[in-house]
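Participant: Following this message is one structure expressed as structure tokens.
None of the figures in this text is laboratory data; all of them are computed from the coordinates on show. None of these values were measured; they are calculated from a predicted model. Please note: Cβ atoms are built from the backbone with ideal geometry, for glycine as well, and neighbour counts cover all protein chains shown.
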């Protein structure tokens, strides 16, 4: 009995530990092992070679893909944080009626009930050379030539990302805002703070955890994405995810595995930097 | 968000891929449940009378799982096979890369592989398929000589690349070594092939297009596209570079590193100048690019041109002076097949060559591997239009009965012999494949 009570916490943690071991650690370790294998056009050859990594880390393609991916990630992050914060702020502080608040919050999530592929594809007829936007602008004589960079460009990729992922910022930020004691806001106003000062000195610091969680979502989603980049850039630009996807489809699993491991490392480093600034556990 | 990207093969789509014009499943993983829909079809021997051949009766209700590219994975074929042979054919359509992947990595997941010859070169040596005994095929002698000795007519020249006959036979029943000359053991029985070229929008281009290099004309800056399937894209690129006079290849189907470097350099240069609007990977993407007017000249596949035209938009499959880039596919047997299932597979393959399927494919603008048998299943007008390249006397209908071309129309590129004799190279896989893929990735990421 003593033995049992001594180790009870281990037993309690065991199911979760097992699941993580089986479905997270084991696959990642497999990927790590395969990343050292050799391959030809149709076979995997168990081996221990570092060629996959050597090629990956010396290839200019890798660097340009990482730069592109980081560019997408940061641009998307900045825009989603701005929009997400504003939307959450409006719902949390401007709407007094809690029923309307919930209603608006649900309204934010409605588009997310459809597949993200559909939400992405729907931009294409809108932004194309003969799309709705260009036709409207041409009809009203605002432009004489169709705007080419609306579709199959960095613009369209980031637009799609923002559209897809803003909700992932709105939800955690809204959640943090709802926990803020309203008396603090009143106190700030009573002390003579302007609306802007209240936001920067009171609300923003108290939403840090929400912003951090939102950033993690957006960052990891964008870093690993391949389908949005391919579809919205018309296949013209390549993110890291696109490279991995190309390698997989060409049966180059070891190269893809090496690429995945490097990407995993990069994302983990970025996350650990983020956690340095914000201690999520404490803020929750 | 990768998990959210729904893979239609997981969702049980009961969508029917029926016509090339509507066939969006070229690259999408469409799961076709033909057998289920046909469960009620009572097939007695009476249904078979009138058919020139009597098919084996003991194979009824055997299920064969076939997968391949959407090109020939047609529901109508499964239905007809059920009617004539009584076998249940379960079809799965994938893109070429996925097909190659599945053949090698999931050998027990299929009974019949419907693959292209260049994929065959890549996957057959992996040993997941078995060679076919040509003595068991009654229609073997009907197969076009193009697939036996590589010659359309006795005096025609063999094109560059992975010509089908070079990977069509192996030395023995158990060998994975391709034979130099026809043997008793065939890797794939050819089913379908065609000659590809550039598709253009004649309504948006007001000059004649005669060469592959025209796609690089600054006039079309930002209005061109090539396909982003490396093994095929590099061939189109080679046709373009050779036409530009920049490179002369010893063998476009098997380039040297220097040739690959130079080709990719030219592509990168064009990309940085904004020559390309987009790259496409799947059939429907190419249709959309063309019909929306984003692109006016691009690499294209024949049914994609038909699909654009069926929307009432002008589109031409432009024959070019340098010739076509050709491809061919066939069906082969999985290694694990034996006993009655193997008998059924042989019977099915023989049936495939017996004419009905050939006629069906001919009507979609492809070519059948056994032309003489398919002729019996086509009207004279159809045969003259599709194969002889003569003007249509009446309306030309798609296999589903939709009007594809009005009376008087002539097929782009002319007759079967004109088109297939000007093939410049076959789709292929190179010795420097790994290097080429890396360079191709470099081009896409540049």
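Participant: Taking a ≥ b ≥ c as the square roots of the eigenvalues of the Cα gyration tensor of the range A:7-126, is the shape rounded (a/c under 1.5), prolate (a/b larger than b/c) or oblate?
Facilitator: oblate
Participant: Using a 10 Å cut-off on Cβ to Cβ distances, tally the other chain neighbours for every residue of A:231-241 and report the average as a whole number.
Facilitator: Neighbouring Cβ atoms belonging to other protein chains average 5 per residue here.
Participant: Going by C-beta contacts inside 10 Å, put A:22, A:56 in order with the fewest on the left.
Facilitator: A:22, A:56
Participant: Can you check what the Kirkwood hydrodynamic radius comes to for chain B, Cα pairs only, in Å to one decimal?
Facilitator: Value: 22.3 Å, from the Cα pair sum.
Participant: Based on other C-beta atoms within 10 Å, arrange B:243, A:115 from fewest to most.
Facilitator: Listing B:243, A:115 from fewest to most nearby Cβ atoms yields A:115, B:243.
Participant: For the pair residue A:12/residue A:133, report the inter-label distance in nm, with labels modelled 7 Å from Cα in the Cβ direction.
Facilitator: For the pair residue A:12/residue A:133, the computed spacing is 5.3 nm.
Participant: Rank these for me by crowding, A:37, A:149, B:212, going from fewest to most other beta carbons within 10 Å.
Facilitator: Least crowded to most crowded, the residues run A:149, A:37, B:212.
Participant: For helix B:257-272, report the angle its Cα long axis makes with the longest principal axis of the Cα atoms of chain B; keep it between 0 and 90° and round to the nearest 10°.
Facilitator: So the helix axis and the longest Cα principal axis differ by about 70 degrees.
Participant: Rg (Å, one decimal) plus Dmax (Å, integer) for the alpha carbons of the range B:273-381?
Facilitator: Cα only, the range B:273-381: 18.6, 59 Å (Rg, Dmax).
Participant: Report for the protein assembly as shown the percent antiparallel among DSSP-assigned beta bridges with both residues inside it, nearest 5.
Facilitator: 60 percent
Participant: For chain A, what does the helix formula give at 222 nm: sum of -39500 (n - 2.57) over DSSP H segments with n ≥ 4, over the residue count, nearest 500 deg cm²/dmol?
Facilitator: So the helix-based figure for chain A works out to -21000 deg cm²/dmol.
Participant: For a quick protection proxy, order the peptides A:256-262, B:325-331, B:185-191 by their average other-Cβ count within 10 Å, most packed first.
Facilitator: By packing density, highest mean first, the sequence is B:325-331, B:185-191, A:256-262.
Participant: Sticking to Cα atoms, compute the Rg of the range A:60-283 to one decimal and its Dmax as the biggest Cα-Cα distance, whole number, in Å.
Facilitator: For the range A:60-283, the Cα-based Rg and Dmax read 20.4, 66 Å.
Participant: Only helical DSSP H runs with n ≥ 4 go in: add -39500 (n - 2.57) per run for chain B, normalise by residue count and round the 222 nm mean residue ellipticity to 500 deg cm²/dmol.
Facilitator: The helix contribution divided over chain B gives -8500 deg cm²/dmol.
Participant: Something else about it: Rounding to the nearest 10 and keeping the result within 0 to 90°, find how far the Cα-based axis of helix B:230-244 lies from the longest principal axis of chain B.
Facilitator: 40 degrees
Participant: With everything on Cα atoms, drop me the angle between helix B:433-445 and the longest principal axis of chain B, reported from 0 to 90° to the nearest 10.
Facilitator: Orientation of helix B:433-445: about 50 degrees from the principal axis.
Participant: Then there's this: Can you tell me the convex hull volume per residue for the range B:82-169, based on C-alpha atoms, in Å³ to the nearest whole number?
Facilitator: Residue-normalised Cα hull volume stands at 133 Å³.
Participant: Follow-up question, since we're still on this one. Please compute the average number of Cβ atoms from other chains found within 10 Å of each residue's Cβ in peptide A:101-111.
Facilitator: 0
Participant: Something else: Highest first, please rank the peptides B:214-227, B:337-350 by the mean number of other Cβ atoms sitting within 10 Å of their residues.
Facilitator: In decreasing order of mean packing, B:214-227, B:337-350 become B:214-227, B:337-350.
Participant: Rounded to the nearest 5, what % of DSSP beta bridges with both residues in chain B are antiparallel?
Facilitator: If we restrict to bridges inside chain B, about 60 percent are antiparallel.
Participant: Of the candidates A:180, A:31, A:142, which one comes out as most mobile in a Gaussian network treatment of chain A with C-alpha springs shorter than 10 Å?
Facilitator: Most flexible of the set in this elastic network: A:142.
Participant: Set the Förster distance to 35 Å, then compute FRET efficiency between residue B:157 and residue B:63 from the Cβ-Cβ distance, nearest 0.05.
Facilitator: 0.20
Participant: Across peptide A:244-251, what mean number of C-beta atoms from other chains lies inside 10 Å of a residue's C-beta?
Facilitator: That works out to 5 on average.
Participant: Taking a label point 7 Å from the Cα of residue B:251 along the Cα→Cβ vector, which residues of the range B:165-209 have an amide N closer than 12 Å to it?
Facilitator: Within reach of a label on residue B:251, which here means backbone N under 12 Å from a point 7 Å along Cα→Cβ, the range B:165-209 contributes B:166-167.
Participant: Please work out the Kirkwood hydrodynamic radius for the protein assembly as shown, using every pair of different C-alpha atoms, and report it in angstroms with one decimal place.
Facilitator: The Cα-based Kirkwood calculation yields 28.5 Å.
Participant: Quick one: divide the alpha-carbon radius of gyration of the range A:71-165 by 2.2 N^0.38 Å and tell me what you get.
Facilitator: The value comes to 1.33.
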